[in-house]
1. When the range 319-367 is examined, which residues are found to be surrounded by fewer than 21 Cβ atoms within 10 Å (Cβ to Cβ), acidic (Asp, Glu) and within 14 Å of the ligand (Cβ to nearest atom)?
2. Would you confirm whether any residue within the range 112-131 is farther than 19 Å from Phe218 by Cβ, within 12 Å of the ligand (Cβ to nearest atom) and under 24 Å from the mean Cα position of the chain (by Cα)?
3. Considering Arg108, Arg44, Arg143, which residue is within 28 Å of Arg219 (Cβ to Cβ) and assigned to a helix (DSSP H, G or I)?
4. Working carefully through the options Leu215, Leu245, find the one that is more than 13 Å from the ligand (Cβ to nearest atom), modelled with pLDDT of 95 or more and not assigned by TED's automatic domain parsing to the domain that holds Asn314.
5. Out of Ala275, Ala266, I need the residue that is free of Cβ contacts under 8 Å to residues at least 12 places away in the same chain and either in contact with a Lys or Arg (Cβ under 9 Å, 6 or more places away or on another chain) or open to solvent by less than 20 Å² (accessible area, probe 1.4 Å) (or both). Which one?
6. Quick check on the range 80-90: of everything there that is of a type in the set (A, V, I, L, M) and over 9 Å from the mean Cα position of the chain (by Cα), which residue is farthest from the ligand (Cβ to nearest atom)?
7. Tell me which residues, restricted to the range 379-389, are more than 16 Å from the ligand (Cβ to nearest atom) and open to solvent by 30 Å² or more (accessible area, probe 1.4 Å).
8. Taking only the range 291-305 into account, find how many residues are open to solvent by 60 Å² or more (accessible area, probe 1.4 Å) and of a type in the set (A, V, I, L, M).
Amino acid sequence: MDFALPEELEAVRESVRRFVEREWLPVADRYEESGTFPRAEIRRMGEAGFFGAAFPEELGGSALGFLAVSVIAEELSRRAPELGYCMNMQAMTCPFTIFNWGEDRQVRAFVPDLIAGRRIGMFPLTEPGGGSDPRSSIRTTARREGGIYRLDGAKMFITFAHAADAGILFARVPGAPGHGITAFIVEPKRHPGFRAHGIRMSGLSWALRANALFLEDFRVPVEHRLGAEGEGLRIALNALEYGRLTVSARLAGLARACCDLAVAYAREREVGGRAIGRYQMVQERIADAVVMADAARLMAYRVGWAMDRGLPANRIAARAKYFATMAAKKAAAALFEVHGGYALADDCPVRKLRAYVDMLTVGEGTENVQRILIAEDALGYRDADRHPSRNRLRRRTD
Ligand SMILES: Cc1cc2nc3c(=O)[nH]c(=O)nc-3n(C[C@H](O)[C@H](O)[C@H](O)COP(=O)(O)OP(=O)(O)OC[C@H]3O[C@@H](n4cnc5c(N)ncnc54)[C@H](O)[C@@H]3O)c2cc1C
């Protein structure tokens, strides 16, 4: 077993770091103040290849693989957590699900533009009635009329919906097999009846925001249905497995960012004539945080490693996400504690890092959702890897 990252992945990590420092941080506040979506920067990220690692070259990807996706997601989140959102919208859940489940014409029509950052993606699954159990909570309907579906309903917390050009939206087709849940590739700017309303969240970016969505007679051409009617839940669950790849890596990156800052501050801040890092109780916090951050990173990389081999990864992705949540929370708590009262100031980076840790704790399945999946698997009630996992990059379909 080789724990060293290949040189090319270290180079990718370095290019992410450089991009954030040179191209994002100098302009980030401007976008934040105006609330404008940073299209130009996302396009540059696409051109730099940050979104194409899980796609073949003929679609504009680099085929570097899923471990590369983990490395990019981790580094983005460590340097600029708000940009970490792009990983699912431009690199994984949205485009990879089209690639994984779409017909050739759908893949060619959407994937190259999404991974190049020319079009902005989204993944509207969660509804106001709940996100943990889409099987019971999806109320949005899609009624077929000739060559179109008419969609009515609402979605909640949809990242980038205010800016999105395309996305995968889940709705119930009355009378369709199973639960009727069906996936659609939607284009909000091409058809009326789609309205996004931004949700302000303390500490999180307003430019790169989540939204409530309202659909009123929103039309989707039949040829934009992804998979068969009634196949949507299976598609969504498979997409979330890939989402957990980036979310666990992003949490590992956040844990690392919290550790970096906590260590720097503990070395610099003096109380009672000594750096607070010299006090044992502070050292205990730092020790716990760095060890857990390290382990979270290894678990996140293991998910990418397994996906690169076409191995089932649902079990390890859930474990990685769950552990990374604990690690990031531990590191954020240490960061908060060492900063004393300054941690509460609005312009202190502690607040933002903690907000992103909280946000990622919820995304791609809450802690309880992971606990249920992990425990039922461990107890032998429900094998987490019971469904073959579709992975078209590694030529696995079921
Ligand atoms: C900033 C942000 C961005 C997001 N972006 C997107 C997006 O782009 N697309 C998208 O589809 N969604 C998105 N989400 C939604 C996110 O996936 C959901 O918030 C999440 O799935 C939880 O759903 P919920 O908030 O409705 O909580 P609920 O499902 O209502 O759960 C509430 C609480 O009950 C617990 N719970 C639920 N069921 C059980 C059970 N069986 N046993 C024990 N406890 C249980 C949960 O763990 C949770 O603590 C985003 C959320 C945020 C905050």
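The values are calculated or read from the model by the stated rules, or taken from the named source; none is laboratory data. Note that this is a predicted model, so its numbers are computed, not measured. No Cβ is skipped: glycine too gets one built from the backbone with ideal geometry, and neighbour counts run over all protein chains shown. Just so you know, the surface numbers come from the protein's heavy atoms only, side chains and all, with ligands and any DNA or RNA stripped out. Shrake-Rupley method; radii C 1.70, N 1.55, O 1.52, S 1.80 Å.
1. Asp358, Glu367
2. So far as the range 112-131 goes, yes, one or more of its residues are farther than 19 Å from Phe218 by Cβ, within 12 Å of the ligand (Cβ to nearest atom) and under 24 Å from the mean Cα position of the chain (by Cα).
3. None of the others qualify; the one that does is Arg108.
4. Leu215
5. Working: Ala266 fails: free of Cβ contacts under 8 Å to residues at least 12 places away in the same chain.
The match here is Ala275.
6. The selected residue is Ala80.
7. Once the filter is applied, which keeps residues that are more than 16 Å from the ligand (Cβ to nearest atom) and open to solvent by 30 Å² or more (accessible area, probe 1.4 Å), the range 379-389 yields Gly380, Asp383, Asp385, Arg386, His387, Pro388.
8. 2
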